[in-house]
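Here is the structure we will look at.
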Amino acid sequence: MRGAGPGERAREAREAVAECRAAYEALNRFTASYRQLVLGVGSSADGRRLRRALEESGRRGFELSLGLRNQLLAELTEPGGRQEEEVKMELERIWVLCLSALEIFLQDLGRAHDLSRIFPLPSPTSGTQLVNTGVISFGPKGWSLRRPSGKTSERAGELPEELAQWGQRLEEMLLEMETKVNVPVWSVEATVGDPEALEHSPESSAGRSPRGCCARGPDRLQSHCIVA
């Protein structure tokens, strides 16, 4: 706000950081859930519901990514650099975490695309399943007596192409983000928490370090541990 005082600008900056952090946490939760969906492709849990969920989740993930990208770009590229140093450092940290989450999402989109092509959904009337359990349907209501649905088969073939389109758009967005904002990854501390709280935690006082990057002290926020 142009005519706002220092206190008002500081409050707006804190609100912007909180919004970006909340958007990143939502994106991080989404990437974890999307990976679980991808791991089901070609397994006994695979089916049309899973493929539909992959398609809908791919669209939702791109929307989440685009929203967070717009928020961070608006703050980091604002002319005049009104952010305080602490606020700017936090925004840059979220920016790097966002890039990491988007790269993981891009990898999973590519994995879902490849697995969908390797394990195409069979026609409901073919009687062929992705995983052969040895159970066969007999009788007049069996799968073999039903004619295949052209729409269903055509729709199943469209899924890999849609996943490829989302992956291409996400890759273009990642390249644009890296071009517009120059934040070296090695210059940003990507952990969450208060170092003082860590120093006074029971584990550190006993001479033991926390168990991994996802350890949490009493008054410490949980770190985001991203495993590719």
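The values are calculated or read from the model by the stated rules, or taken from the named source; none is laboratory data. What you see is a predicted model, and the numbers here were worked out from it, not measured in a lab. Reconstructed Cβ throughout: ideal geometry from the backbone, glycine too, with neighbour counts over all protein chains shown.
Assorted remarks:
- Residues in segment 1-27 that are modelled with pLDDT under 90 and closer than 17 Å to Glu92 by Cβ: Ala13, Arg14, Ala16.
- Test: residue in segment 33-46 that is under 25 Å from Lys180 (Cα atoms), in contact with a helix residue (DSSP H, G or I) (Cβ under 9 Å, 6 or more places away or on another chain) and of a type in the set (Phe, Trp, Tyr): no
- Extreme residue, nearest to Ala112 (Cα to Cα), among residues of segment 53-66 that are more than 12 Å from the chain's Cα centre (by Cα) and either loosely packed, with under 13 Cβ neighbours inside 10 Å or touching a residue at least 40 places away in the same chain (Cβ under 8 Å) (or both): Leu54
- Residue ID - farthest from Asp108 (Cα to Cα), chosen from residues in segment 27-68 that are touching a Leu at 6+ places or on another chain (Cβ under 8 Å) and among the charged types (D, E, K, R): Arg48
Rundown of residues vs (1) in contact with an Asp or Glu (Cβ under 7 Å, 6 or more places away or on another chain); (2) modelled with pLDDT of 90 or more, yes/no style:
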| residue | (1), (2) |
| --- | --- |
| Arg29 | no, yes |
| Ser44 | no, no |
| Glu55 | yes, no |
| Phe62 | no, yes |
| Asn70 | no, yes |
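- The C-beta contact set for segment 14-37 (first residue among the basic types (Lys, Arg), second residue exposed (fewer than 12 other Cβ atoms within 10 Å of the Cβ), distance under 6 angstrom, 6+ apart or interchain) is empty.
- Condition check for Ala32 on (1) aliphatic (A, V, I, L, M); (2) surrounded by fewer than 18 Cβ atoms within 10 Å (Cβ to Cβ); (3) over 10 Å from the mean Cα position of the chain (by Cα): one failure, at (3).
- Consider segment 92-143 and keep the residues that are of a type in the set (Phe, Trp, Tyr) and within 16 Å of the chain's Cα centre (by Cα). The one that is modelled with the lowest pLDDT is Trp95.
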